[in-house]
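Since the structure comes first, as structure tokens, the remarks are kept for the end.
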Amino acid sequence: EGRETRLRVVLRVRPLTCTETRRGDQQVVHSLGDGAVHVSAARHDATFGFSAVFDAGASQEAVFEGSGMRQLVELALDGFSCTVFAFGQTGSGKTYTLMGPLAQSETQPASPALLGLMQRSFTCLLEQSRSRGSDLALSASYLEIYNEQVRDLLSPGPPCNLPLRWSKTRGFYVENQLSVEFESLEAIVSLLLQGSQRRRTSAHALNRHSSRSHALLTIHIRSRAVSAHPAPGEGWGARGSSRGCGQASACPSKQGTLCFVDLAGSERVKETGSSGELSVEANSINRSLLALGHCISLLAKPRGKRTHIPYRDSKLTRLLARSLGGSGITLMVACISPSSRCLSETLSTLHYASRARRVTTRP
Ligand code: ADP
Ligand code: MG
């Protein structure tokens, strides 16, 4: 608490897809064990190190256990602001890692073994909150940033844009975002599905399979303060007075958050050219990822040498300000394809991720 803590960065290399295998793509990424990964292609030969590397054979469970995701859930329960974000080029496995193939097929429920970091975290969160016996209130909000506009994915009706504000006490926050309480795994999974479908509607309208927006699902964890000496006349209704930790001083009210960020990929920018809506879309994705990259490189400098961090350059960086440079605890999952055809995007993701390892926060 209060100490400088590094961002934890792990890497996931997805298997070659059927298409890549069929057309005979070379595999240019090899895990060396111990968090090291090697890229070897015609004119490139480089090794990168991460907190952990998951190769094509790694199961969803192995990623959950080996990435530190379980600890992140526990820290959120302890009152910290925790964030996990997946980044990498389109098709590199970000959504698969966070949600599993479930996000791709609505009709067939995914096999439990394929569930992603999100569902595994929800299970862990609910188990932990029950076993801790404290009186916890859980709620979720789900937003997307599309064309530099923040939209609520949980509120019914057509998507409306929400204002992003700043205050001294709260930092950057979204005004009027809907926060829905939940108590069961089914309830939160159904919120996730509802929100993801709304997110995909905008993607489908433009005939895209890949998400063209950044999505942020935040779980708010509030432990109700337990009063040891309830005021007269209020005692009978005081929640948690018969369980939890009986003493007010020993059990202060805590508020933790656990935020999952699924970033849009950037590489289509080149292909979309300069026509109309797609170009606006691509430009705003590009702009916010560029702003994110810029903030990360500045944050990666030692604290004494840092200049002003331009969080205000995009909505994405404003919303991630706390996770990146403030009081949050952050896990970054970099996703890459092993194919030779993705080499330049892969190298760019690896450089970006390596830089992020030097970023520190003060939880
Ligand atoms: P992104 O969200 O980064 O655009 P996706 O998660 O949609 O990428 O993944 C692209 C494709 O690759 C999907 O068909 C997905 O099912 C598949 N895929 C990604 N990662 C894996 C993995 N680790 N194992 C098996 N298939 C994967
Ligand atoms: Mg995706």
When the chain is fully extended, how far beyond the present Cα-Cα distance does residue 297 get from residue 283, taking 0.36 nm per residue of separation? 3.0 nm
Between the modelled labels at residue 169 and residue 290 (7 Å from Cα along Cα→Cβ) the distance in nm is 3.8
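Can you work out the accessible area per residue across the stretch 48-193, with the rest of the protein chains kept in place, probe 1.4 Å, in square angstrom?
Numbers: 6220 Å² over 146 residues.
Using a 1.4 Å probe on heavy atoms only, each residue of the stretch 48-193 averages 43 Å².
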Let me know the charge dipole size of the stretch 61-202 about its Cα centre in debye, to the nearest 20, where only the beta-carbon of Lys, Arg (+1) and Asp, Glu (-1) is charged. 360
Run the simple label-point estimate for residue 32 and residue 224 please: 7 Å along Cα→C-beta, distance reported in nm. 5.5
Taking all protein chains as present, what is the carbon and sulfur share of the accessible area of the stretch 71-175, in % to the nearest whole number, probe 1.4 Å? 53
Calculated FRET efficiency, residue 47 and residue 193, Cβ-Cβ r, R0 25 Å, to nearest 0.05? 0.05
Can you work out the PRE-style zone for residue 56? Point 7 Å along Cα to Cβ, and I want the residues of the stretch 316-337 with backbone N under 13 Å. 337
Suppose R0 equals 56 Å; then what is the FRET efficiency for residue 22 and residue 307 from their Cβ-Cβ distance, rounded to the nearest 0.05? 0.70
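The values are calculated or read from the model by the stated rules, or taken from the named source; none is laboratory data. Small disclaimer: the values here were computed from a predicted structure and weren't measured. Cβ atoms come from the backbone with ideal geometry, glycine included; neighbour counts cover every protein chain shown. Side chains are part of the model used for accessible areas, which takes the heavy atoms of the whole protein and leaves out ligands, DNA and RNA. Shrake-Rupley method; radii C 1.70, N 1.55, O 1.52, S 1.80 Å.
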